[in-house]
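The values are calculated or read from the model by the stated rules, or taken from the named source; none is laboratory data. All values derive from a computational prediction rather than experimental measurement. Here the Cβ is made from the backbone with ideal geometry for all residues, glycine too, and neighbour counts use every protein chain on show. Please note that ligands, DNA and RNA were not included when accessible areas were found on the heavy atoms of the full protein model with its side chains. Shrake-Rupley method; radii C 1.70, N 1.55, O 1.52, S 1.80 Å.
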Amino acid sequence: MSEKAANYDPAAIEPKWQSFWQEHKTFSSADPDPARTKLYVLDMFPYPSGAGLHVGHPEGYTATDIYCRFKRMRGFNVLHPMGWDAFGLPAEQYAIQTGTHPAITTRKNCDTFRRQIQSLGFSYDWDREVNTTDPDYYRWTQWIFVQLYNTWFDAERQRGRPIAELPIPPDVAARGPVAVREYRDSRRLAYYADAQVWWCRQCRIVCANEEVLNDGSHEKCGSKDVERRSLKQWLLRIPLYAERLLKGLDNLDWPEGIKEMQRNWIGRSTGAEVDFSLADGSGVLRVYTTRPDTLFGATYMVVAPEHPLVSRLADAEHRAAVVEYVRQASRKSDLDRTELAKDKTGVFTGSYAINPVNGQRVPIWVADYVLMGYGTGAIMAVPAHDTRDFEFAQQFGLPIICIMEPDSADADLKARVLAGEACWTEDGCYIRSANTETGLDFNGLNKQDGIARITAWLEGKGLGTATVNYKLRGWLFSRQRYWGEPFPVIHWEDGEISVLDEKELPLRLPALENYQPGEAGQSPLCNAGDWLNVVDPKTGRRGRRETNTMPQWAGSCWYYLRFIDPRNSDAPWNTAKEKYWMPVDLYVGGAEHAVLHLLYSRFWHKVLYDLGHVSTDEPFRKLFNQGMILAYAYEDPIGSKVPCDQVEERDGRFFQKETGVELRQIVAKMSKTLKNVVNPDDVVREYGADSLRLYEMFMGPLDAVKYWKTGGVEGLYRFLNRVWRMIVSKDGETSSVLPDAPVSREQERLLHATIKKVTDDIEGLAFNTAISQLMIFVNEFGRAEPRNRRAMETFVLLLSPLAPHLAEELWQRLGHPDSLAYESWPTYDPALLVADQVEIVVQVCGKVRARMSVPADATEAQLRDVALKNEQVAEAIAGKTIVKVIAVPGRLVNVVVR
RNA sequence: GCCCGGGUGGCGGAAUGGCAGACGCAACGGACUUAAAAUCCGUUUUCCCGGUUACGGGAAGUGCGGGUUCGACCCCCGCCCCGGGCACCA
């Protein structure tokens with residue numbers, strides 16, 4: 001046996017235990033083990049960038065690792081995997097510049113990430129590692145795409161069904177096979193269509209709406225050179241699942257804020273579609289409104305510039321202006337249209353519609369504040385009760401008729417609303433809302449009753465129907481790139497589209513010489529001649545493969561399912577294993593994925609559920625968002641950034657070490673350009689992984705935003721040194737730890753309080769306070785020698801999820817040959833938590849006047865008596881009348897006097 | 001504008017109706033040391049009063065203003081500030 005080191009030396013013990021765990025496959029998850037309760041704990045897997053890990057990455061990973069180690073010791077069969085979301089632009093950009101195949105770059109980056117993650121001692125089951133760029137993985141991503149393609153949504157049953165079960169209406173069937181094909185295609189969850197898309201000129205890539213930020217820049221590259229283009233694209237009919245996605249949120253243990261963000265994104269609204277007949281008798285204009293009750297206040301109509309009726313509505317006099325307006329609107333991006341505080345624009349078409357409730361003629365305008373993509377692309381405008389309409393009406397001098405007296409205490413505001421000088425969108429009492437001809441009258445009603453009354457009336461007359469609308473739009477699912485999953489799709493010369501058979505998957509990416517995408521939006525795959533062109537061996541029909549690839553979301557939409565059965569070559573996963581492991585019990589990751597990734601995953605999962613491939617309706621039972629770790633950055637007076645290691649602090653001010661120039665401190669995300677990235681390798685080298693892990697958890701609550709201070713790691717390193725010295729003596733032995741060393745009553749209480757606190761806190765993901773408690777324990781037990789062996793062993797077990805390397809080493813030195821990973825988690829005796837004597841305070845009118853030591857089980861009456869006899873209390877209440885005495889056992893007594 | 005978080009010492013934070021500031025960082029003082037590092041011990045919210053000092057006593061204090069309560073960082077109402085999300089979705 002080698003000589004035992006006498007000092008805490010993480011550089012020696014951490015690699016030792018990491019190899020031990022790996023060699024013994026300590027953390028490999030037993031597949032369906034009916035004897036133990038399963039627990040599936042998942043981290044959002046990373047995109048392995050070339051820059052490697054920064055200290056923000058391990059925050060969530062450390063949290064889940066602690067939780068998993070804890071749960072294993074409590075008898076759970078834990079599934080805890082890690083993998084790589086490895087398709088993405090940077091590797092492709094690098095390929096364009098250097099010709100290096102993205103697969104090579106990706107492999108290198110994954111190796112770096114794996115090495116870094118492993119150096120932190122996380123208890124992943126590495127045999128389950130997956131990589132979205134691996135053909136054995138993306139084969140099944142393609143397979144799921146085929147499932148989506150072959151599924152339609154049965155609105156009545158609210159679920160997806162195989163396309164073969166889609167009923168074909170007789171009139172469609174009668175028009176022949178092409179009509180049937182088109183009918184089916186119009187119902188598939190994946191469809192191919194012309195779409196107005198965002199095009200980033202710098203990346204030469206299509207971006208989804210949500211990838212274009214508010215300031216008009218592309219979130220991936222930051223370029224503002226983003227414009228609208230119309231291109232053939234694959235889209236997914238996620239809006240059909242809007243209602244399911246919305247309702248499913250209710251039963252999830254997710255942060256309320258995230259659920260709310262998803263609800264807002266889905267954007268359900270209820271209202272009515274109402275038909276206005278055109279004054280010239282040529283037809284109807286259908287609008288969608290959430291306020292059909294305000295029909296009497298409608299003073300004009302607006303159609304979106306893209307509305308199909310626009311050219312018909314424009315009369316001779318206004319045609320030129322309308323055409324010009326529509327032309328200008330088409331060149332504007334949505335962004336230009338919605339730019340903040342911008343004046344509204346629009347032109348009158350020259351046509352009128354008839355308001356169905358009172359027969360009045362209302363002018364029809366075209367304006368780009370109405371969007372074609374929502375509702376019917378046309379609205380009735382009620383300026384008195386809608387802020388947008390109000391602004392528009394004011395700008396163009398259109399009439400504003402108030403039809404509801406506001407429920408408002410503000411008399412001035414009320415008067416202005418009634419006079420049509422202000423807008424009121426809240427509840428109130430209808431006025432001017434009656435018409436003798438139609439017999440409608442809801443004057444005096446409130447909003448809720450008004451909406452019900454008018455909706456019933458409209459439906460009765462066949463003029464409108466109650467309607468539900470969602471903001472959620474079709475999901476743009478293709479990118480003009482190389483480094484993504486190829487679509488298993490062939491476009492045939494006769495216009496038919498077909499998907500590959502399951503047996504033909506995976507459709508691999510071809511090797512290319514040139515990765516440069518075309519300027520007109522062609523994918524680099526257009527250059528892959530041999531791969532591109534296909535001939536049907538049976539019919540000789542020629543075809544061309546789809547050259548777009550899937551977006552990065554695709555691989556991450558279902559990776560949690562592949563982890564269940566990662567090496568299965570016959571199926572994406574074994575259904576028995578899926579049934580055992582799903583759903584994910586705890587999913588931890590950044591809030592930046594609040595909407596997109598989590599919504600897309602839920603959508604795919606629901607489709608897979610409808611088709612019978614998975615057993616749960618929702619994939620992630622509990623979600624937790626770790627807060628971001630930010631870092632300080634420094635800039636000199638000229639504004640150039642100074643690397644953190646060249647900064648020195650004096651009296652709360654910051655100076656550049658060499659030049660002595662005073663610097664400005666700013667707070668920001670870690671990034672190369674700010675030169676404030678902290679690499680975990682450096683921290684591990686200096687303090688060890690256990691110190692890094694502990695510091696990340698000790699910084700504050702897991703969900704809070706935190707600021708990295710490398711100095712803080714030092715404190716945790718000192719703590720671990722104290723732990724070491726508490727157990728290991730100067731001779732490298734554990735000679736100060738004795739089985740029969742005495743434990744005082746107070747120490748015994750502290751031991752059990754520590755078990756309780758650490759247990760409860762880890763269960764509640766409150767690691768910062770668990771660590772505090774361990775520190776309190778060490779502060780107490782570190783003082784006295786000899787130390788009780790049982791107490792020390794219990795402590796080591798409590799520490800082990802947080803600082804596993806150190807704990808294993810101490811456990812071994814305490815004479816245990818096996819890893820502690822599956823030792824039973826300590827339990828506490830509630831009886832021992834209570835001290836015999838407790839100190840309580842006595843307040844007089846809420847101010848502390850005395851402290852007394854009393855038996856812990858003293859009753860209210862006893863407390864009261866003791867308190868009133870107390871000298872200081874007597875002094876404080878002298879000459880006053882006691883009004884009331886509140887005694888809270890174990891806490892305090894409050895004497896109220898007058 | 002709307003929705004969701006959050007505001008506590010020099011700093012990170014703790015306490016969710018019962019002693020505000022646990023635990024850590026930083027700073028300062030002391031012990032050990034030839035010295036340094038490491039380690040250990042102590043002090044550190046603010047203001048006021050008494051005292052030469054050691055120290056003792058008092059008051060205020062959790063963004064601001066009000067309220068509920070014997071008692072409020074915690075609950076309620078109104079406001080301010082910071083962070084995140086959405087933003088002409090009718």
Quiz prompt | the range A:449-480: number of residues that are open to solvent by less than 10 Å² (accessible area, probe 1.4 Å) and outside the structural domain of A:Tyr430 (by TED's automatic domain parsing) | solution = 4
Quiz prompt | Pairs, first not assigned by TED's automatic domain parsing to the domain that holds A:Asn131 and surrounded by 14 or more Cβ atoms within 10 Å (Cβ to Cβ) in the range A:525-552, second aromatic (Phe, Trp, Tyr) and assigned to a helix (DSSP H, G or I), C-beta under 8 Å, six or more apart | solution = A:Leu525/A:Trp531; A:Arg545/A:Trp531; A:Met550/A:Phe145
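Taking A:Ser282 as the residue in question, decide whether it is under 30 Å from A:Gly160 (Cα atoms) and either open to solvent by less than 50 Å² (accessible area, probe 1.4 Å) or outside the structural domain of A:Pro619 (by TED's automatic domain parsing) (or both).
No.
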Practice problem: Please tell me if A:Lys672 is open to solvent by 50 Å² or more (accessible area, probe 1.4 Å) and touching a residue at least 40 places away in the same chain (Cβ under 8 Å). | Solution: yes
Quiz item: exposed (fewer than 15 other Cβ atoms within 10 Å of the Cβ), farther than 15 Å from A:Ile144 by Cβ and in contact (Cβ under 8 Å) with a residue 60 or more places away in the chain - does that describe any residue in the range A:483-497?
Solution: yes
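Sort through A:Tyr687, A:Tyr632 and tell me the only one that's more than 31 Å from the chain's Cα centre (by Cα) and at pLDDT 80 or above.
Going through A:Tyr687, A:Tyr632 in turn, the sole match is A:Tyr687.
Residue-by-condition table, conditions (1) more than 14 Å from RNA strand B (Cβ to nearest atom); (2) closer than 20 Å to A:Gly377 by Cα; (3) of a type in the set (Asp, Glu); (4) modelled with pLDDT under 95:
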{"residue": "A:Ile258", "(1), (2), (3), (4)": "no, no, no, yes"}
{"residue": "A:Trp265", "(1), (2), (3), (4)": "no, yes, no, yes"}
{"residue": "A:Ser269", "(1), (2), (3), (4)": "no, yes, no, yes"}
{"residue": "A:Ser282", "(1), (2), (3), (4)": "yes, yes, no, yes"}
{"residue": "A:Leu285", "(1), (2), (3), (4)": "no, yes, no, no"}
{"residue": "A:Pro305", "(1), (2), (3), (4)": "no, yes, no, yes"}
{"residue": "A:Asp334", "(1), (2), (3), (4)": "no, yes, yes, yes"}
{"residue": "A:Glu339", "(1), (2), (3), (4)": "no, yes, yes, yes"}
{"residue": "A:Lys344", "(1), (2), (3), (4)": "no, yes, no, yes"}
Quiz item: Is it true that some residue in the range A:816-830 is at pLDDT below 95, in a helix (DSSP H, G or I) and either surrounded by fewer than 15 Cβ atoms within 10 Å (Cβ to Cβ) or in the same structural domain as A:Ser729 (by TED's automatic domain parsing) (or both)?
Solution: yes
Quiz item: Where in the range A:721-800 are there helices (runs of 4 or more DSSP H), lying wholly inside it, with at least 2 residues that are away from RNA strand B (no atom under 14 Å from the Cβ), modelled with pLDDT of 90 or more and open to solvent by 20 Å² or more (accessible area, probe 1.4 Å)?
Solution: A:745-763, A:789-799
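For (1) of a type in the set (D, E, K, R); (2) touching a His at 6+ places or on another chain (Cβ under 8 Å); (3) at pLDDT 95 or above, each residue gets a yes or a no:
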{"position": "A:Asn150", "(1), (2), (3)": "no, no, yes"}
{"position": "A:Asp154", "(1), (2), (3)": "yes, no, yes"}
{"position": "A:Glu165", "(1), (2), (3)": "yes, no, yes"}
{"position": "A:Gly176", "(1), (2), (3)": "no, no, no"}
{"position": "A:Arg188", "(1), (2), (3)": "yes, no, yes"}
{"position": "A:Tyr192", "(1), (2), (3)": "no, no, no"}
{"position": "A:Gln202", "(1), (2), (3)": "no, yes, no"}
Practice problem: Would you tally the residues in the range A:237-295 being small (Gly, Ala, Ser) and over 29 Å from the mean Cα position of the chain (by Cα)? | Solution: 7
Self-check item: Candidate set: the range A:685-701, residues that are within 13 Å of RNA strand B (Cβ to nearest atom) and assigned to a loop (DSSP other than H, G, I, E, B); chosen: the one least open to solvent (accessible area, probe 1.4 Å)
Solution: A:Gly700
Quiz item: Can you spot a residue in the range A:405-419 that is in the same structural domain as A:Ser277 (by TED's automatic domain parsing), within 12 Å of RNA strand B (Cβ to nearest atom) and in a helix (DSSP H, G or I)?
Solution: no
Quiz item: Of the numbered conditions (1) free of Cβ contacts under 8 Å to residues at least 60 places away in the same chain; (2) within 8 Å of RNA strand B (Cβ to nearest atom); (3) open to solvent by 10 Å² or more (accessible area, probe 1.4 Å), A:Leu716 satisfies every one except a single condition; which is it?
Solution: (3)
Quiz prompt | The lone exception for A:His54 - which of (1) touching a helix residue (DSSP H, G or I) at 6+ places or on another chain (Cβ under 9 Å); (2) assigned to a loop (DSSP other than H, G, I, E, B); (3) not assigned by TED's automatic domain parsing to the domain that holds A:Lys579 it fails | solution = (3)
Quiz item: Would it be correct to say that A:Arg312 is within 11 Å of RNA strand B (Cβ to nearest atom) and either touching a His at 6+ places or on another chain (Cβ under 8 Å) or among the basic types (Lys, Arg) (or both)?
Solution: no
Quiz item: Which condition number in (1) at pLDDT 80 or above; (2) basic (Lys, Arg); (3) open to solvent by 70 Å² or more (accessible area, probe 1.4 Å) is the one that A:Arg898 fails?
Solution: (1)
Quiz item: What residue, among those in the range A:449-472 that are free of Cβ contacts under 8 Å to residues at least 60 places away in the same chain and among the small types (Gly, Ala, Ser), is nearest to A:Asp275 (Cα to Cα)?
Solution: A:Gly462
Practice problem: Quickly run through the range A:550-599 and pick out the residues that are assigned to a loop (DSSP other than H, G, I, E, B) and within 16 Å of RNA strand B (Cβ to nearest atom). | Solution: A:Ala594, A:Val595
Quiz item: Has the range A:849-864 got at least one residue that is without any contact (Cβ under 8 Å) to a residue 40 or more places away in the chain, open to solvent by 30 Å² or more (accessible area, probe 1.4 Å), closer than 30 Å to A:Trp724 by Cβ and in a loop (DSSP other than H, G, I, E, B)?
Solution: no
Practice problem: Determine if the range A:343-355 includes at least one residue that is over 35 Å from the mean Cα position of the chain (by Cα), within 17 Å of A:Arg291 (Cβ to Cβ) and of a type in the set (Val, Ile, Thr). | Solution: no
Quiz item: Scanning the range A:865-888 for residues that are open to solvent by less than 40 Å² (accessible area, probe 1.4 Å) and either of a type in the set (Gly, Ala, Ser) or assigned to a strand (DSSP E or B) (or both), which turns out nearest to A:Val834 (Cα to Cα)?
Solution: A:Ala887
Quiz prompt | Cross-chain or 6+ apart pairs with Cβ under 8 Å, the range A:359-386 first and free of Cβ contacts under 8 Å to residues at least 60 places away in the same chain, then open to solvent by 20 Å² or more (accessible area, probe 1.4 Å) and more than 7 Å from RNA strand B (Cβ to nearest atom) | solution = A:Gln360/A:Ile354
Quiz item: In this structure, does A:Leu674 turn out to be under 29 Å from the mean Cα position of the chain (by Cα), part of a loop (DSSP other than H, G, I, E, B) and away from RNA strand B (no atom under 11 Å from the Cβ)?
Solution: yes
Quiz prompt | Segments classed as helices (runs of 4 or more DSSP H), wholly inside the range A:85-150, with at least 3 members that are farther than 28 Å from A:Asn514 by Cβ | solution = A:102-118, A:135-149
